[in-house]
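See below for the structure under consideration.
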Amino acid sequence: MNTPERTPGTAPGDLEFIRSFVNSVDLESGVDDLVPLDAAASWFRQRSWAASLDQAALDELVVVREVLRDVVSTRGTADQVEAEARLDAIASRYPVLVKVSSGRVPLTPSTRSGVGAIVERILCSVAAAVIDGEWERMKTCANDRCRWLFYDHSRNRSRSWCNMETCGAQAKMRTYRQRQAARRSH
Ligand SMILES: [Zn+2]
């Protein structure tokens, strides 16, 4: 999706695929790049992920997309364990292999095609990012209606919004109005 105001926050390496995959739906507008099926197929093709998808495979990927968003957005909250358990349940159906020579984190998908290849590569990337500490920089926008996934490049990892001018400004305005209302009611 072409939403240039949100493009800062692109992630390094394979995390960028995860970031763009989770952001393939714009929750605020409801526009979903993975609907219908042929749009999803071309979305993956454009990113050099040759996948022959049927509707069941796509449905599975959409579940994975939202579980990933939940795992990131619940970090540090009471809902984190439940979200991670849902990702674990998916991971138990998509085994990955240890391949010592293949890179810094030697995990590799066990299948080469279809939905398995995509989900397994995502799982390998998440595992690699958790191990090297990069995963902590993957965040969702603190605006509940937005929940856009971004990579926090800030030195102290303090970024909360996909974009300061849009979601950040809205949040500031809400806080301001709430303070004004609280003041009036006193
Ligand atoms: Zn946002």
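Of everything in segment 4-26 that's away from the ligand (no atom under 14 Å from the Cβ) and among the β-branched types (Val, Ile, Thr), which residue is modelled with the lowest pLDDT?
Here the residue is 10.
Being within 16 Å of the ligand (Cβ to nearest atom), basic (Lys, Arg) and either touching an Asp or Glu at 6+ places or on another chain (Cβ under 9 Å) or under 18 Å from residue 67 (Cβ atoms) (or both) narrows it down to one of 157, 145, so name that one.
145
On the basis of being in a loop (DSSP other than H, G, I, E, B) and touching a residue at least 40 places away in the same chain (Cβ under 8 Å), does residue 61 make the cut?
Answer is no for this residue.
Name the single residue, out of those in segment 50-80 being more than 17 Å from the chain's Cα centre (by Cα) and among the hydrophobic types (A, V, I, L, M, F, W, C), that is farthest from residue 18 (Cα to Cα).
Per the criteria, the residue is 78.
Would you pick out the residues in segment 28-49 that are exposed (fewer than 11 other Cβ atoms within 10 Å of the Cβ), within 19 Å of the chain's Cα centre (by Cα) and assigned to a helix (DSSP H, G or I)?
If the condition is that a residue be exposed (fewer than 11 other Cβ atoms within 10 Å of the Cβ), within 19 Å of the chain's Cα centre (by Cα) and assigned to a helix (DSSP H, G or I), then 46 is the only one that fits.
Before we move on, is residue 185 under 21 Å from residue 74 (Cα atoms) and surrounded by fewer than 20 Cβ atoms within 10 Å (Cβ to Cβ)?
When the stated conditions are applied, residue 185 does not pass them.
Of all the residues that make up segment 160-181, how many are more than 21 Å from the chain's Cα centre (by Cα) and within 10 Å of the ligand (Cβ to nearest atom)?
2
Please go through (1) in contact with an Asp or Glu (Cβ under 9 Å, 6 or more places away or on another chain); (2) away from the ligand (no atom under 16 Å from the Cβ) for residue 139 and return the number of the only condition it doesn't satisfy.
(2)
If a residue counts only when it is under 29 Å from residue 31 (Cβ atoms) and either in contact with a Lys or Arg (Cβ under 6 Å, 6 or more places away or on another chain) or of a type outside the set (A, V, I, L, M) (or both), which strands (runs of 3 or more DSSP E) contained entirely in segment 83-146 have at least 1 such residues?
138-140
The values are calculated or read from the model by the stated rules, or taken from the named source; none is laboratory data. These numbers come from a predicted model, not from an experiment. Glycine also receives a Cβ, built like all others from the backbone with ideal geometry; neighbour counts cover every protein chain displayed.
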